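Undergrad: Can you read through this structure? Questions will come right after.
Just so you know, all these numbers are worked out from the coordinates, no wet-lab data involved. No experiment lies behind these values; they were computed from the predicted model shown. Cβ coordinates were reconstructed from backbone atoms using ideal geometry, including for glycine residues, and neighbour counts include every protein chain displayed.
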Amino acid sequence: MSSGQRQQTHPLAGVEDTLKDFWASRPRRPRRGRMFAGVAQAIANRYAIDPVIVRVALVVTTVFGGGAGVLLYLLGWLFFPEQNDEEAPFMSMVHQGRSSTGTAFTVLLCMALIGVSFWTFNGNGNGLIGLILLVVAMYLLHRNRASLGQQTARQPPLNTTTTARPQDPEPNLGMDMSTPVTDPEPPRTDPPAWDPLGAAPFAWDLPEPTPVNPEPEPPVRRKRARVGGITLGAALVIGGACVLAAPYAAWLSVPHIVGIVLAVIGIGMVGGSFLGGGRGLIGLAVPLALGGFVLTNTGPGGGPAVVGEEWGTINDTPASVQELRSDYTLGGGSVNLDLTALKSTEPVRTNVKVGLGNAVVIVPANAEVDVNCSASRGSVECLGQRDNGIPARVRATQSGTSGLKITLDVRASTGNVEVRRG
């Protein structure tokens, strides 16, 4: 099959081949020239570039990219073997080869990687963008400069065995040229008269032995790495530790614990893609990701959802301050609040919060309004002002003539917010 036909049947074949070649010839961390663990120097040696460029890129993506540089450096420390080692520290920890880095220190590196991943994927998007830029840069480096720099693939030993050339026999200068030269007698193959049984060695005429085809050996099945079991055990241990520590750490909410467990499973899936195995982790990662998305995006005001919050629709048209609630909160659904029938000369304040859905508030045409509208993911239109950013925010104040002053705080995590005059 030609390369053109292969690309038609498998459009990602080029990317897949590049990634496999990168893993097979990944950089080795040298002992000379490195400043810390040798990751930057290894990349520079592998692709024949200045190591200062690599170090600057890692520092920039660390400061402005949400710690992506540190994350990539730790990944290189774990998966790039040292110069004279057989395998990388992480591969040695899962019994795939030998490394000079101890198992205990490798476990500490994995824990540091998990901690840095919280910094990188903190939700503002800078870490993810920085990591994507670094991965794309590594991919382009390998695709364009894979033949440069050091080669980690072992070269077969050169065959130094030489075959001696037979030399022509030297001429016998003492030969008598007048003596006729006769051909030597051919060797005898029939038994002589004194050996009628053919016991002489030159009379033996034995048939050639028939070659026997050996039975093919059974194929050796490659033992899959126990990535799935190790990852599942680590996820249970870390998740359980987070649950026990949650009463003492306010930051460890349910969405954060789900995110930590999901990060551990993600690391296991990445390791399983190189080592083989771990496919069963997908069945655990998908529901966890969906649950984390719901918990993170359906809380009122951009926060996580709280168990017990209601879902549905709220339609309210209060005619007095006593009928107006101070808070209208839904985990999901829509809130429609009509304040046009409100008659009061006292200041009025209320909050509207929706996790997943829409919030619509209608205010009197002649009332003084001070409104703060926001949506983490969605659109905002308040008193004629619009915003569709991430997040979307509008702060507006308009005067009125009726003496009624209304202060509103309207928020949605994922959805639309609208405040208009009736």
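Undergrad: Could you tell me which of rounded, prolate or oblate describes segment 71-138, using a ≥ b ≥ c as the square roots of the eigenvalues of the alpha-carbon gyration tensor, with rounded for a/c under 1.5 and, failing that, prolate when a/b is larger than b/c and oblate otherwise? Before the final figure, lay out the partial values.
TA: Working: a/c = 3.66, a/b = 1.84, b/c = 1.99.
Here segment 71-138 falls in the oblate category.
Undergrad: Pick out, in residue order, every one of the chymotrypsin sites (Phe, Trp or Tyr not before Pro) in segment 11-63 that is DSSP loop and has at most 12 other C-beta atoms within 10 Å; say none if there are none. Please report the intermediate quantities before stating the final value.
TA: Working: sites: F22, W23, F36, Y47; in loops: F36.
In loop regions of segment 11-63 (DSSP not H, G, I, E or B), the sparsely surrounded chymotrypsin sites (Phe, Trp or Tyr not before Pro) are F36.
Undergrad: Also, I was wondering about something else. Kindly state, to the nearest 0.05, the FRET efficiency for R395 paired with A245, given R0 = 41 Å and r defined as their beta-carbon distance. Could the numbers behind the result be given before it?
TA: Values: r = 38 Å, r/R0 = 0.93.
For R395 and A245, the calculated efficiency is 0.60.
Undergrad: Can you classify segment 317-422 as rounded, prolate or oblate using the Cα gyration tensor, where a ≥ b ≥ c are the square roots of its eigenvalues, rounded means a/c under 1.5, and otherwise it's prolate if a/b beats b/c and oblate if not?
TA: Numbers: a/c = 2.39, a/b = 1.47, b/c = 1.62.
Oblate, since a/c reaches 1.5 and b/c is not below a/b.
Undergrad: Can you give me the Kirkwood hydrodynamic radius for segment 23-74, using every pair of distinct Cα atoms, in Å to one decimal?
TA: Details: mean 1/r = 0.0892 Å⁻¹.
For segment 23-74, inverting the mean 1/r across all distinct Cα pairs yields 11.2 Å.
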